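Peer 1: This is the structure I want to talk about, given as structure tokens.
What follows draws every value from the coordinates through simple rules; no lab data is involved. Here the structure is a predicted model, which means the values were calculated and not measured. Cβ coordinates were reconstructed from backbone atoms using ideal geometry, including for glycine residues, and neighbour counts include every protein chain displayed.
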There are 2 protein chains.
Amino acid sequence: MKKLTLFSGLKQYTIAATALISFSCGPPGDKQESSTDTSNLSGTETTKGGDPLPSWNDGNVKKGLIDYVTAAAKEGAAGFIPVNDRIAVFDNDGTLWAEQPLYFQFFFVIERIKEMAPQHPEWKTKEPFKSVLAGDMKKALASGEKGLMAMMNATFGGMTGDQFDKQVKDWVATAKHPISKKAYTEMIYQPMLELLNYLRANGFQTFIVSGGDIDFMRAWAEKTYGIPPQQVVGSSLKVKYDSTGIVRLPEFAFLDDGPGKPVGIYQHIGKKPVFAAGNSDGDYQMLQWTSTNTAPHMEIIVHHTDSTREWKYDRGSPIGKLEKGIDDAPKYGWVLVDMKQDWKRIYPSDH
Amino acid sequence: MKKLTLFSGLKQYTIAATALISFSCGPPGDKQESSTDTSNLSGTETTKGGDPLPSWNDGNVKKGLIDYVTAAAKEGAAGFIPVNDRIAVFDNDGTLWAEQPLYFQFFFVIERIKEMAPQHPEWKTKEPFKSVLAGDMKKALASGEKGLMAMMNATFGGMTGDQFDKQVKDWVATAKHPISKKAYTEMIYQPMLELLNYLRANGFQTFIVSGGDIDFMRAWAEKTYGIPPQQVVGSSLKVKYDSTGIVRLPEFAFLDDGPGKPVGIYQHIGKKPVFAAGNSDGDYQMLQWTSTNTAPHMEIIVHHTDSTREWKYDRGSPIGKLEKGIDDAPKYGWVLVDMKQDWKRIYPSDH
């Protein structure tokens, strides 16, 4: 399968041309399965008395999470962690919300190009914009990385910070996922929402650390996850300050993926996390660095195993590839969360 | 007075060669005044019942601060601010701690060069290190910006994040200011400590936004100010992640000064502050950007007016120059804090 690497020299943030082409040609087979199929649900969806993780099935994973958090917050326990050190980091795409058939951020990019087209008559003849506007994703992607970067720069840069924030908020409020027909912010994982709340209730500070654009996520993360802008770490464009305020430049600055994740954490948080959650090899170094914490630490990998309620993918997937993470999980003690087995429901709307 | 601009194209972070030379030749006249002279103290140092700012003298400035914070935290008040938007930013050098006769960070640089010299025999013949080691600051600075950058890169880069953190902590624990003979962390401003606590007690999140190195400050800011690493924004070197963890590269990445301050805030906090405190023209754009907040906002400038208890300087000063800030304060409604008049004490040890 041909892959386009989004940013040269960094292999994690990849997009398969064929995935985009499949999308443009209609949903592929696996995605036609209903996300409301409840055949794999077990137990009840309602909160049991005092259960902090009601959407997690009983088992080693749930028990491990509860044991870890309980000890971390209990002074005198072997697993106790001083409250200031309770830093928990979460990947976003594929860990807190879905990421198939394409990182949701790219649906925004495509829609923005269509919206911006009237102000850019030159796009009628300029690739990759010409092909995006003609609905020919295959041809749009023929320009490779250079074309993808041009699309990102055109839609994420060249405006004030406030303008970009409004554009993302407007998009999130109205856009629907092409397969599920849900709003994108309805495709968040209910069990992970519960985990975020449970950690916060026990004195943890929860951060997003994602390869996605930092300000794209900030526009909706507080309302959606309860994670405020100052606790979002992500990739970024260069910005400058002038008489109009903050201006986003059409120039890439930082890729918060792979080895960039520990770097982003060091720069933004300034402290090694004690808890990390990811789902792909782009999270490998974040999990690895967290594993070197001398304080009690825990790392989990959300393993996409449920082809009925969500998507099933790992090693071979162009989006959210998980290979090194599975291979090295036993070595590091990383906990694999089996979505099919460990989660009672996937999305908040599931019953 | 000849000035050396530390980083080309950015004029705020300047050092007067003469200031350094004066320092190397012994403290200049103004600095010989005792910092324990209490002749300007008025009122009592002890906390009055319920006074959140006991080290501030009664007057318009203190009243303005209390009125602003009280309204911000009071639902239904005209000045109410939702708790998530209560973001307060503070410059560090000259705003939270002293900065004369030289930014304290540079005393660390000089000491590090002396400590590192045995591992760098080439410094015996290489400027500016040769002159630093010989105690000849005048000659050391003759190499200008290039020499200053070389000193910064040599002492702040080329080690792991953990190693740098330990070096700064060790230095802060033992180093003494050449004039006051106090530990540097004893030269923090008691009235500003009270203001930080008062804001936090009313739901504000307090951030440092400084031209100083972000990780230099993080090493002691939590213990000293109650500001955790994730709430420190500063200038930074490039870092990478490899098998040894986080490695600091001897390469400058970001200058958090002047127009860089709103940029640093946007990148790290992702939200426009409602409260900003600075003391020099390097804070001008941070104050200006905060002034454009549509929520109730307040900006203060710590004006160094006290030659007896601290240092007196503004327009002509090579360190902490304040000119545009004074000129434009009335236009923007920025509050000038007169240290001599508004502060009962300067340092925590003052009585």
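Peer 1: Would you tell me the mean number of C-beta atoms belonging to other protein chains that fall within 10 Å of each C-beta in B:239-248, as a whole number?
Peer 2: 4
Peer 1: Quantify how strongly other chains surround peptide B:258-266 by giving the mean number of their Cβ atoms within 10 Å of each of its Cβ atoms.
Peer 2: Going residue by residue through B:258-266 and averaging, the value is 4.
Peer 1: Compute the acute angle (0 to 90°) between the alpha-carbon long axis of helix B:190-201 and the principal axis of greatest extent of the alpha-carbon atoms of chain B; round to the nearest 10°.
Peer 2: Once rounded, one gets 60 degrees.
Peer 1: Same structure again: Output, in nm with one decimal and in ascending order, the distances from the B:K169 label point to the matching label points of the other copies (7 Å from Cα along Cα-to-Cβ).
Peer 2: Going from nearest to farthest copy, the values are 4.1 nm.
Peer 1: Could I ask something else about it? Mind checking which of B:T206, B:T95, B:T155 has the largest fluctuation in a GNM of chain B, springs on alpha carbons under 10 Å?
Peer 2: B:T155
Peer 1: Can you pull the one-decimal nm distance between simple spin-label points at B:E145 and A:A201, each 7 Å off the Cα toward Cβ?
Peer 2: About 5.6 nm, to one decimal.
Peer 1: Picking from B:Y184, B:Y198, B:Y241, which is most flexible by a Gaussian network model of chain B using Cα springs under 10 Å?
Peer 2: Per the Cα network of chain B with a 10 Å cutoff, B:Y241 tops the list.
Peer 1: Between 0 and 90 degrees, rounded to the nearest ten: what's the tilt of helix A:214-225 against the longest Cα principal axis of chain A?
Peer 2: The helix A:214-225 is inclined about 50 degrees to chain A.
Peer 1: Around A:V302, which amide H atoms from residues at least 5 apart in sequence, or from another chain, sit under 5 Å from its own amide H, with H modelled in the peptide plane?
Peer 2: Hits under the 5 Å cutoff: A:G278, A:N279, A:V337.
Peer 1: Now for a separate question. Compute a Gaussian network model of chain A, connecting alpha carbons closer than 10 Å, and tell me which residue from A:S317, A:S243, A:S131 fluctuates the most.
Peer 2: In the Gaussian network model the winner is A:S243.
Peer 1: Given the protein assembly as shown, what percent of its DSSP beta bridges are antiparallel, to the nearest 5?
Peer 2: Of the beta bridges lying entirely in the protein assembly as shown, close to 45 percent run antiparallel.
Peer 1: Determine, from the Cβ-Cβ distance of A:K176 and A:K126 and an R0 of 41 Å, the FRET efficiency 1/(1 + (r/R0)^6), rounded to the nearest 0.05.
Peer 2: Step by step, r from the Cβ atoms, then E = 0.90.
Peer 1: At a Förster distance of 25 Å, what's the computed FRET efficiency of A:N153 paired with B:V83, Cβ-Cβ distance as r, to 0.05?
Peer 2: Computed FRET efficiency for A:N153 and B:V83: 0.10.
Peer 1: With angles folded into 0 to 90 degrees, how steeply does helix A:144-156 sit against the dominant principal axis of chain A? Use alpha carbons for both and round to 10.
Peer 2: Value to nearest ten degrees: 80.
Peer 1: With a/c under 1.5 counting as rounded, go ahead and sort the protein assembly as shown into rounded, prolate or oblate using the C-alpha gyration tensor (a ≥ b ≥ c being the square roots of the eigenvalues; past the cut-off, prolate if a/b is larger than b/c, else oblate).
Peer 2: The shape class here is prolate.
Peer 1: Using a/c under 1.5 as the rounded threshold, could you call segment A:312-351 rounded, prolate or oblate? The axes a ≥ b ≥ c are square roots of the C-alpha gyration tensor eigenvalues, and prolate needs a/b larger than b/c, oblate otherwise.
Peer 2: oblate
Peer 1: When chain A is turned about an axis onto chain B, which of its residues keeps its C-beta closest to that axis, and how many Å is it?
Peer 2: A:H268, 3
Peer 1: Just to verify a number: FRET efficiency for A:D58 and A:T294, C-beta to C-beta distance, R0 = 45 Å, to 0.05?
Peer 2: Approximately 0.90, to the nearest 0.05.
Peer 1: From the label point of A:E323, set 7 Å from Cα along Cα→Cβ, how far away are the matching label points in the other copies, in nm, ordered shortest to longest?
Peer 2: 6.0
Peer 1: Another question, if that's okay. Measure off 7 Å from each Cα along the Cα-to-Cβ vector at A:D136 and A:E186, then give the distance between these two points in nanometres to one decimal.
Peer 2: For A:D136 paired with A:E186, the spin-label model returns 3.5 nm.
Peer 1: For peptide B:183-194, how many partner chain Cβ atoms fall within 10 Å of a residue's Cβ, on average?
Peer 2: Across B:183-194, the average partner-chain Cβ count within 10 Å equals 0.
Peer 1: Here is a follow-up. Could you check the spin-label model distance between B:Q341 and A:D328? Points 7 Å from the Cα along Cα→Cβ, value in nm.
Peer 2: About 6.2 nm, to one decimal.
Peer 1: Treating the point 7 Å from Cα along Cα-beta-carbon as the label, what are the nm separations from A:K130 to the other copies, to one decimal?
Peer 2: Once sorted, the set of distances for A:K130 reads 6.2 nm.
Peer 1: Let me know the shape class of segment A:194-292, please: from the alpha-carbon gyration tensor, a ≥ b ≥ c as square roots of the eigenvalues, rounded when a/c is under 1.5, otherwise prolate if a/b is greater than b/c, or oblate.
Peer 2: It is oblate, given that a/c is not under 1.5 and a/b is not larger than b/c.
Peer 1: Out of B:T125, A:Q267, B:F104, whose Cα points farthest toward the positive end of the dipole of the protein assembly as shown (charges: +1 Lys, Arg; -1 Asp, Glu; placed on Cβ)?
Peer 2: Farthest towards the positive pole: B:T125.
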